[in-house]
Every structure is written in C-alpha cells, then in structure tokens.
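What follows is a set of notes on a single structure, which appears directly below.
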Amino acid sequence: MIQTLSTFLSSVIHRLFEPAKFKLETDKEKYLIGETIMTEISINANRDLLVQDLSLAIVCFENFSEIFTRSEVPKAGPGILTRNQQDIPLDPITTQVIKETSKILLEQKEKSHKNIQIDKNQHFKTTINLKIPHNLPPHSVGSKLKWELHLTIFLEHHKQSRVLKYPVEIVSTRGTN
C-alpha cells in the first residue's frame, strides 16, 4: 500500500512539473556502419511551451580497460601481525588493479530545430535521419564501442538543457561493435 501510494504521488508530481513527454523511436533494432538511422521524435506537451532548441546527435564511446599490478609493503600497526621484530619488514602484497575508462570517440550532431511552439495537449512529431560514418578511427579496432543517440532539448523557461540518452546497437563489418 505504501509503495503504491508513493508511486502514485511521484506520478502526480512528475505530471505537474514535467512540461512534456519526449519519445524517440528508430526504424529498426540493429544497424551497420555506414547506414542511416531514421529517428522519429515525439513531444506531447502538458502545457504551452516553446522549445528553443531541439537537436539529435549520435555518440560513440570507446570503452577500454588497463590492467596493472601494484606492489605494496604493509605497515605495521594495530591489528597487523608482525614477525616480533621491528626491523624485519612484512612481505609485500601484490594487488591487481583494473582501471576502466570510457571516452567519446565520435560525436556527430545533426541540424537542430529552433523555436518550436507547442500548445497544451498538442502532439508534435519530427523525423531526423542520422548517417552513421563509414570509417572509424584506426585505433578503435578491437575496442568495445557503445553507441547512443542524444536528444538535447532546451526549453524557454529552463536554465539548462536536458539530454535524453537512448542506446542503439551498431555493428561493424569487422566483427566488433
């Protein structure tokens, strides 16, 4: 009962303060390098609003891991067993460290739509085609790539833009994605 009530209240609060519902749909589930992604953006306004800027970008993240070992000599202190002599150091402990890093490999922004006036309860739709580049940088071969569509919305009475991220599956003909 409490969870249902809190879900209901958060839904009411969301409807009161959220000016519109934004939705992005693509024409298919999986794409190949070089294809075009046809996207349909839908906006259902809960009140009159002016979208000052609406843009769509395709972003490719390169994820990679670095593995290295670190050797540390533990310091004697409370709770650590020593060899009963202050002069004899403890055996070093080798620790394997995995550092995972993600960086933007490619970001391609399409032409933005400016000053879209949407009335309350109006349904706005637009279609944007995003071309996936044919060639990726040579160092990306063998990397784990993660692709996303970023829908950036800047509304008239908001101080900052909002970015909605949608994952998309893109596979290359080389066998990596």
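The values are calculated or read from the model by the stated rules, or taken from the named source; none is laboratory data. Since we're looking at a predicted model, the values are computed, not measured. Here Cβ is always computed from backbone atoms with ideal geometry, including for glycine, and neighbour counts include all displayed protein chains.
None of 159, 111, 165, 120 is basic (Lys, Arg) and at pLDDT 90 or above except 165.
Residue by residue, here is whether (1) without any contact (Cβ under 8 Å) to a residue 60 or more places away in the chain; (2) under 17 Å from the mean Cα position of the chain (by Cα); (3) surrounded by 13 or more Cβ atoms within 10 Å (Cβ to Cβ) holds:
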position: 109; (1), (2), (3): yes, yes, yes
position: 116; (1), (2), (3): no, no, yes
position: 124; (1), (2), (3): no, no, yes
position: 145; (1), (2), (3): no, yes, yes
position: 158; (1), (2), (3): yes, no, no
position: 165; (1), (2), (3): yes, yes, no
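Scanning region 130-151 for residues that are over 15 Å from residue 106 (Cβ atoms) and at pLDDT 90 or above returns a single hit, 151.
Consider region 24-78 and keep the residues that are more than 21 Å from residue 166 (Cα to Cα) and small (Gly, Ala, Ser). The one that is surrounded by the most Cβ atoms within 10 Å (Cβ to Cβ) is 76. The requirement of being at pLDDT 85 or above, outside any strand (DSSP E or B) and closer than 30 Å to residue 171 by Cα is not satisfied by residue 23.
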